[in-house]
Every structure is written in structure tokens, then in C-alpha cells.
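Reading through the C-alpha cells given below for one structure.
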Amino acid sequence: MKGTIVLIRATSKCRIPIYYLKRFFVSCFLINKQTVNFIKPRVCIVSILVGLVLFPAIGQFDYNSQLHAQSMPESVTSDKVVILNFDDGRKTQYTQAKPILDKYGYKATFYVVCQYPDNKKGYMNWTELETLHREGHDIGSHTNNHADLSHASKNSLEYQIGKSKECLQRHGINATSFAYPFDRGWDNKTVVNVVSKYYDLARTASNPVTFLHCDGWVHQSNQTDCRTYTNNGNLNYANKYSIRGWSHDQSRQVNSYSDNELLRRFIQVVNSQNKYNENGTIKAVPIIIYHGAGDNDLVDYNTSPILFEEEMKYLHDNNFQVLTMKDLAYDKNTNYLFIK
């Protein structure tokens, strides 16, 4: 039985207390090192009845419980979520940040500049990126050359946006989201027109949380139409191609934070959703954007592994659900974003 996990769910047809389940599940299942074979339910019932005879000291049956070999802690709620992003594809994201993510069982979205792997010092290679993809991390596009898209020609936009998707596809990665370099281009209709041809969603920066419904941005606009474009063809402020994240590194740069100060700010940011989310309804989501992870070559856009570990431990200890951009979806009927 070593290495085998058996999940058993009590149903209305066969409800038994876990006291007997521990003693008689071997009679209900034949387990070997390779397979788990289920015997017919009548055999399970007979085995349990035998157990009731052999072990008379029994308590009441629980007719409302579901029995599992492993369950999530009761303290986990759906009100606290965080999405982790890593931009540019720095090598330390793989060598330094990934082991910490693995430790806590977290997945992240890695936005890749497609011409950097195998070509630019200090960045991941394709083997490492493909490993991330294979292990369940989300890989998105961050253009071909990390170009500023705000004043690019249409041909350049097609190259930076469309060809970067093709580049990832050649490595078995279907990127469904895009991140704008330098936080530029999200408010440019020509840019968004090209992005929307290739990707379901796009992320920019400049806000601690992103609101899933456009009317959450009342402090920025009076928008109630959550479509990408208005009826007259103008670009709406809040839409599925202007999802906002919080740049962890830019916050350090602008405010000259120490690690302790940045940790305090991180805690403020991830908890800023509390005034919007309640009773399992998610209205606002912090998206945290990292770049370097212990990079000696980066001064401002870098997070030490010690600080990153402290931040991930905070999320773990306070029961945050950590998601990726691929966990976001768009409802075409309401034009709202939602968590899958």
C-alpha cells in the first residue's frame, strides 16, 4: 500500500463512520503497488456488516459527512486570492523563485520575451521554460524583443505580438494571455486590436488590485460598459485587455523601500482585496508582478530570495489561494472577468 492514496466518499447508499472505514477499507478494495481495483458495492456492504459484528463499540452514523483521505483546512476561504506573475523570463526566476514556489505548491504565470531564451545571458533557456510549462505553470507572451508598443507600426506590432505567440507554439506552449512591456500600449486602440487577435486577456500594471467588473474602477472612470470598445468604437478604460497588476519591483524603485518595508507593502497590497471580497464573492484580485529573483545584475527590478520566501510564507500561513492568469476567464454575456 505504500505510495497509494485512496479517496473514499460516503454516499446515501453506504454511509459509515471513519472508525470502521479505517478497519475495513482493505476488505472493500484490493490494492497492489500498481493498481487499485474496486470490488462491487455489495462486497463493500457485506464487509462493513461483518465489521459491525466484530466491533460492537460503535457510535452513530454521520449521514451528512463526506469522508476523504485528505482534505483542505477549514480555515481556507475563497475570499483571499492572489495571482503571481514573473515578467521577462529571467533565469533566477527558475533557479531561485521556482524552488520556493515548489515548496508551497504554488503556480505562477511567466511572461516570456520570445527571443531571449537560449540567446541572451541571464535569461531562461527553452528547456527550463518547457519544464515550467510541463509542471503546470502558465506561460504567457511578453513580445518578441521587449519592445515599447505605444508607437510601433502595424507590421512591428504583428511581429512583436503575433509572432511571439507563434514562437511559443513552436515549443508546445499555447499562450492565452499577453503582458505589455513598460506598461505601455494598453490604452492604444491599434495595439489592442492586434493583441485581441491572438490572446484572450492582456495585463498591464499600475494598480494594487484588478477589478473583475469594470464598474469597480469608479475612482478612475464612470464606466459601466465592460466591453473592450464602446458603441462608437472607442477603447474602454477597463476591459479584458487592460487587466492591471502591481509591480513589486517598481514599488521598491519609486519608494526606495528596504526589504522590510517592501514586505509590509506587499502585505498591504494582498490584503487590499478584503474591503471588496466577502462571502465567497471575488470582486478584486491582487496580481503581483516580479522580475529578477536574486539577480546580481539588476538593482531595482529584483527581489531577494529571502524576501520572496517571506512573502510566499505569508500567503501560505494566511490561507491565500494562489492562482495564475489562466485561472481568469471572460464572460461574453456580461463582459465581466471571473475566476474559473
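Read-outs: derived from the displayed coordinates by stated rules, not from any lab. What you are looking at is a predicted structure, and each value in this text was computed from that prediction instead of being measured. Cβ placement follows ideal geometry from the backbone for every residue including glycine, while neighbour counts extend to all protein chains displayed.
In this simple spin-label approximation, Asp259 and Lys340 carry label points 7 Å from Cα along the Cα→Cβ vector, and these lie 3.6 nm apart. Could you tell me which of rounded, prolate or oblate describes region 260-312, using a ≥ b ≥ c as the square roots of the eigenvalues of the alpha-carbon gyration tensor, with rounded for a/c under 1.5 and, failing that, prolate when a/b is larger than b/c and oblate otherwise? The shape class here is prolate.
Distance between the pseudo-spin-label points of Thr95 and Thr131 (7 Å out from Cα toward the beta carbon): 1.2 nm. Taking 23 Å as the limit for the C-alpha separation, the pairs Lys80/Lys340; Lys103/Lys240; Lys197/Lys240; Lys240/Lys313; Lys165/Lys240 exceed it in the case of Lys103/Lys240; Lys240/Lys313.
Classify region 203-340: rounded, prolate or oblate, from the alpha-carbon gyration tensor (a ≥ b ≥ c, eigenvalue square roots; a/c under 1.5 rounded; otherwise prolate if a/b is larger than b/c)? In terms of gyration-tensor shape, prolate. Placing a pseudo-label 7 Å from each Cα along the Cα-to-Cβ vector at Asn231 and Gln115 gives an inter-label distance of 4.4 nm.
For region 81-339, what does the alpha-carbon gyration tensor say about shape, rounded, prolate or oblate, given a ≥ b ≥ c as the root eigenvalues, a/c under 1.5 as rounded, and a/b over b/c as prolate? Note, shape of region 81-339 comes out oblate.
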